[in-house]
Structure formats: structure tokens, C-alpha cells
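Here's the structure we're looking at; comments come further down.
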Amino acid sequence: MTSGLFGLLLFLVHVLGFLSAILALLSSRTSQGAVAWIISLMTLPYVAVPAFWIFGRPRFYGYVSARGERDTVLRRILARYHPYVEPYVVEQEDPDIRAVEQLAMMPLTSGNQVELLIDGKETFDSLFAGIDAAQHYVLIQFFIVRHDELGHRLKEHLQRAVERGVRVYFLYDEIGSRKLAEGYCRELRESGIELSGFRSSRGLKHQFQLNFRNHRKILVVDGAYGWLGGFNIGVEYLGQHPRHGPWRDTHLKLTGPSVLGLQEAFWEDWHWATGEVINLFWKPTVTCEECHNVVIVPSGPADRQDTASLLVQHSIHCAKERLWVTSPYFVPDQGVQDALRLAAMRGVDVRIMIPERPDHLLVYLSAFSFLPDMVRAGVKVYRYQPGFLHQKVILIDDSAAAVGTVNLDNRSFRLNFEITAFVPDPRFAAQVRLMLQRDFADCRRVSYDELHNRPLWRKLISRAAYLTAPIQ
């Protein structure tokens, strides 16, 4: 009896492995991923089946379903306010910018002011000043929130806002903020702050969607002012971590219609996490004298296509003279690697800035497996020396720049919800160029000999680490 039951269980596991392999064949985003999952599921279903349902699901299906509900609820609300934004929508003849609009599913708008915020003190001073100036509501979203000194400063600013009668909606990612103390959350809720985790595994059907994360960092005040970029909430982002040392990061402050793009992304995430439709302002606030055009590009695993990866590839293909990229986690997919090499071959000044000090060891090691081919093709790779580099910035010629939360790795391309501000404006690009020139002065350039002459054991470790790139 026992052996018969055991045999039945084995049979059912193999059947589940076979069915999962069919799903992997139909849904995997890359042929390499499909082959790897099918072989694993057919030969080792006992291990591969649970791994596939946690790490292998290609889309955030629950969010896709909620997006359908949102299209009948939230879109109806947005339609009423469309006439307010319409005067600022830029009719675009440039096909390169039209492609960005198609990826973003949001328009290029005029009437925006874009301010670069460099490093921690400048950024958090701006964020906290924005919260203190709020009159109606604050929307705040971070991947990592820590209950350290900076976290307590944030809590105090939010509590004072609530005391003034301001509504505060606070969204965080449970995986990124897994060490956040329950007492900290309880104090926020008791103060009257609406607090929620992103709940990527919300509901019985989605319990295994643990590999999806919400990596966005957004602050919106009264629908008039917005912030996004690389910073999370923790003292390390102020350079107060003994291992990382000084922290190099970049954030943006926005005013104008583009803020409503940030607001819409938060609104949709809040609706997924809580089921609530919150009442917000949708009339743009335009105060700039020298305005910028901006497209807000949300991306994530509920998109019909790989928005973040396509945005990066499109940026590379558009570059004619210069493409400078900074990313703390640099393990791009094959399409991005090929695009970078081809850009260098056609004479574009392609520079990649990555950290010298590792933050995630597997990501750090993985890069060594493909960097030799990139350097040999003419891509210039630089390692930032003073501390940890965390900014996510792309400079395209002297015409456009993008700042946001997207890293050049599979997680940002396919597993994380991200957000980017794409600014096709020569004046803003000139500011970004000056900023990056200062950063490159603090880097050392990586040579081909350094990469090629590594010991065999280090090459083997790098190749093994690169195999884990799809889930890093």
C-alpha cells in the first residue's frame, strides 16, 4: 500500500513536470530559458517544478488580470481628465521618440522642469522638503525601506504631514524591505498613514510569484511635484555603510505634466496592492520658464513586451556619437550586449560605468564572462573607485538622457517593476554629460589584458555565475 502510494506520487510529480515543461515551452521569453527549464523539468521534476513556479513564470499574471479591471475602472477616471493634459502633449514627428512613447504607453509632454539631484544629502533634502510642502496628499513608494536613522526621519516628516491633514499613501516591496520592523509599520499606520506592501504574491493563485519585485522609487506631492531615481531609504544611501563607503547615486525632481505619469504608475500599483481607487488631482501644474519635454516610461513583468530591455536597446541604436551608461548591476541580455558591441564598431563612444566594489557577488562575477568580448569590440568599461556606484543613467549623444530605476540585468528587464524618465532635451543632456564626466574622472578603465589573463579558476567561476543571470 505504501509503495503503491509512493509510486502514484512519483507519477504525479512527473506529470506535473511534463505539464510545466509545456508551459515553459509556450511562455518562456528566450529560447535558452525554455530549453533549460524543459530539460530540468523532465529530468529532475522534484526540484525543478517548485523552482519553475517560483522563478520561471514569465509574466506577473495576477497584475495582468488586475490591469484588465483597471482598464474599466481607472481608465474611465483618467479619460475625464485627459483634456487637462492634452495641451501639453507634443505631436512628435521624430520616429525615435515615437518608439519611446509606444514602449511607455504614455505621451511626450512639454511644460516640465527636470532637476538633477546628485548623491544623498541633496536628494533627501529635496524629498523631505517636498513632503513638508504637501497640502493635499503624498504618494510614496520605495523598494527598500529601513528602520534606521534615515527611515525614522522619513517617518517623522510623513507623520507631520498627516497632522496637517495631508493624506499619505505609502507603498513598499516586501522582499526589498523584508527586514523592516513591524513596529515601524505599526507606528506609521497608527499615525494615520495608509501603508501597504506591494503584495506580489497576493491571493491563493499567485502565492508562488515571489520572484517579481516592485523596484520603483517614486514620490509625488499633490500631483504637482515628483521624484524618481536610484535612492532607497537607508543610511547606506547617505554613504554611512562601512563596507560600501561613499554612495554615488542620481535622482530627479520633476514638475509639470510628467508628474502625472509618475502618479499614474503609483496609482496602478496601489490599486493592485489594495484594490482601492484613490482620489487624486489630474490637472498639470506648469511653473517652468525653460521647460523640458519628458516621457515617463513604466516597465514591468505585466507588460506585453520587454519594455525596459527594448528601451535600452533603442537608446543604443539611436546613438551616433556617444552612449554613456551607468549601472550597478551589469548583466545585460544577449540583445543588449550585441547592440553595445555594434555601436562601438560603428564608431560610437560607448562607455559603461560599473562599481569596483561588489554589492551582489553573483552579478559581479557574471560580468567577467562577457566583458572580454565587449572590450575587444571597442566598448570602454570603467570601474568607479571612491565608493559604491548605484546610479542608473543613460546619455545618448548630446540630445537625450534617461534616469530611473532600471539596471542593465535580467531582473530589471523582465522581473521587476521599474520606472524611467526619458528626457530628449539637449540642455538636460549637457547637464548629465558634465555629471558623468566628473564620475569618469573617478574611475579606472578596465583593459582587455586584465580580463583575458585571469586564472582559469576565476573564468570558470564567472561562467558558472553567469548561468544564474536569468534569476539574479
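Here are the numbers:
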{"read-out": "Accessible surface of segment 357-407 [probe 1.4 Å, protein heavy atoms]: carbon and sulfur percent", "value": "57 percent"}
{"read-out": "Sequence ranges 390-400, 342-352, ranked by mean other-Cβ count within 10 angstrom, highest first", "value": "390-400, 342-352"}
{"read-out": "By average C-beta atoms within 10 angstrom, highest first, the peptides 427-433, 292-298, 170-176, 307-313", "value": "292-298, 307-313, 170-176, 427-433"}
{"read-out": "Rg/Rh ratio calculated on Cα atoms of segment 211-267 (Kirkwood radius)", "value": "1.07"}
{"read-out": "Where labels lie 7 Å past Cα in the beta-carbon direction, separation of residue 163 and residue 86 in nm", "value": "4.5 nm"}
{"read-out": "Segment 117-158 shape via C-alpha gyration tensor axes, a/c threshold 1.5", "value": "oblate"}
{"read-out": "Segment 166-186 residues near the modelled residue 240 label - backbone nitrogen below 13 Å, point 7 Å along Cα→Cβ", "value": "none"}
{"read-out": "Segment residue 5-residue 433, extension gain: residue separation times 0.36 nm, minus the distance between their alpha carbons", "value": "147.4 nm"}
{"read-out": "Segment residue 129-residue 444, length gained on full extension (0.36 nm per residue, minus Cα span)", "value": "109.8 nm"}
{"read-out": "Per residue solvent-accessible surface (Å²) - segment 172-319, probe of 1.4 Å", "value": "36 Å²"}
{"read-out": "Peptides ranked, highest mean first, by Cβ atoms within 10 Å: ranges 211-217, 319-325", "value": "211-217, 319-325"}
{"read-out": "Residue 454-residue 76 FRET efficiency (beta carbon distance; Förster radius 45 Å; 0.05 resolution)", "value": "0.20"}
{"read-out": "Cα pair count fraction exceeding 23 Å, expressed as % - segment 76-173", "value": "49 percent"}
{"read-out": "Spin-label model distance (nm) - residue 338 vs residue 383, 7 Å beyond Cα toward Cβ", "value": "3.0 nm"}
{"read-out": "Shape of segment 304-411, Cα gyration tensor, a/c cut at 1.5", "value": "rounded"}
{"read-out": "Three-way shape call for segment 178-311 based on the alpha-carbon gyration tensor, with the a/c threshold at 1.5", "value": "rounded"}
{"read-out": "Fraction of accessible area attributable to carbon and sulfur, segment 104-237 (%, probe 1.4 Å)", "value": "50 percent"}
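The values are calculated or read from the model by the stated rules, or taken from the named source; none is laboratory data. As the structure is a computational prediction, the values presented were derived from the model and not from experiment. Cβ sites come from the backbone with ideal geometry, for glycine too, and all protein chains shown count toward neighbours. Calculation scope for accessible area: heavy atoms of the full protein, side chains included, ligands and nucleic acids excluded. Shrake-Rupley method; radii C 1.70, N 1.55, O 1.52, S 1.80 Å.
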